[in-house]
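To start, the structure itself, in structure tokens.
The values are calculated or read from the model by the stated rules, or taken from the named source; none is laboratory data. Since we're looking at a predicted model, the values are computed, not measured. As a convention, Cβ positions derive from the backbone with ideal geometry for all residues, glycine included, and neighbour counts pool all protein chains shown.
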Amino acid sequence: MSENEIIAVYLAAGMSRRMGTDKLGLPFGSTTIGNSSLQAAVNSQLNHIIVVTREEDSLNWIDASLFRGSYRDRWSQIKCTDADKGQSNSLKCGLRAAMELRPIGIMILLADQPSLSFTIINDLILRFGKLRQEQRNFPFIAASFQGIPRPPIIFSIEIFPELLKLEGDAGARQLFKKQASLKSLLVNYESESDFWDIDTMEDYYRVKGAVQDHD
């Protein structure tokens, strides 16, 4: 594996407590919530995607096309046995698997961000690569809207040990408050819809309706 490769950790092990049902399999356009951003990831310049799930996940929310041909080589599943103890546990499961592939950076993606496009993923990868070429020392580069950091986020290899120390349900958000150089590492995007996440039924109907209106 070359030192320019970026591995994604795709967090799909949430319990959907606020939703009241497994949200990843809910219809979204012509696919499902969970498959939508996974499809974007496999069509991007990411080198591999590690899909972190609960043990009992049947993956029925993933479209059949992603199990065939070259698509199937683009991702792999990691079952997190302690996913119910908080998002940081799912994150660490994925990080450990990603680190075995010895990447120079790890991108964090959320399975409940169905409007995310592969163009944003590719843009962050390009910017990350340029920063590395300039030998700039930085912990991460993150997408943002109106100055607020949002996934996707690419973490540099130097900060991997810090990620493995995270606890609880806040996930990587805990690190944002610790980095004085945060603002210089945010990439602002103009459309809030790119970063919509779905936590409740109200979110689902709002986002789904907005996508249908746009279509």
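Take the conditions of a type in the set (G, A, S), crowded, with 17+ Cβ neighbours inside 10 Å and either within 19 Å of Q45 (Cα to Cα) or at pLDDT 85 or above (or both) and apply them to A143. Does it pass? Give the derivation first.
Details: of a type in the set (G, A, S): yes; crowded, with 17+ Cβ neighbours inside 10 Å: yes; either within 19 Å of Q45 (Cα to Cα) or at pLDDT 85 or above (or both): yes.
Here the answer is yes, as A143 does meet what is asked.
In region 20-34, how many residues are more than 8 Å from P114 (Cα to Cα) and assigned to a helix (DSSP H, G or I)?
Counting residues in region 20-34 that are more than 8 Å from P114 (Cα to Cα) and assigned to a helix (DSSP H, G or I) gives 3.
Give me the residue from region 40-65 that is touching a residue at least 24 places away in the same chain (Cβ under 8 Å) and surrounded by fewer than 20 Cβ atoms within 10 Å (Cβ to Cβ) and, out of that set, nearest to the chain's Cα centre (by Cα).
H48
Mind checking which residues of region 102-136 are in contact with a helix residue (DSSP H, G or I) (Cβ under 9 Å, 6 or more places away or on another chain), of a type in the set (S, T, N, Q) and not in a helix (DSSP H, G or I)?
Listed by number, the residues that qualify are Q113, S115, S117.
Considering only region 49-56, I want to know if a residue exists there that is part of a loop (DSSP other than H, G, I, E, B), in contact with a helix residue (DSSP H, G or I) (Cβ under 7 Å, 6 or more places away or on another chain) and modelled with pLDDT under 95.
no
Among the residues in region 80-101, are any outside any loop (DSSP other than H, G, I, E, B), at pLDDT below 95, surrounded by fewer than 19 Cβ atoms within 10 Å (Cβ to Cβ) and β-branched (V, I, T)?
No, region 80-101 has no match at all.
Would you say A143 is touching a strand residue (DSSP E or B) at 6+ places or on another chain (Cβ under 8 Å), in a helix (DSSP H, G or I) and under 23 Å from Q39 (Cβ atoms)?
When the stated conditions are applied, A143 does not pass them.
Taking L38 as the residue in question, decide whether it is at pLDDT 90 or above, under 19 Å from F195 (Cα atoms) and in a loop (DSSP other than H, G, I, E, B). Even if it seems obvious, please write down each step before you answer.
Details: at pLDDT 90 or above: yes; under 19 Å from F195 (Cα atoms): yes; in a loop (DSSP other than H, G, I, E, B): no.
Here the answer is no, as L38 does not meet what is asked.
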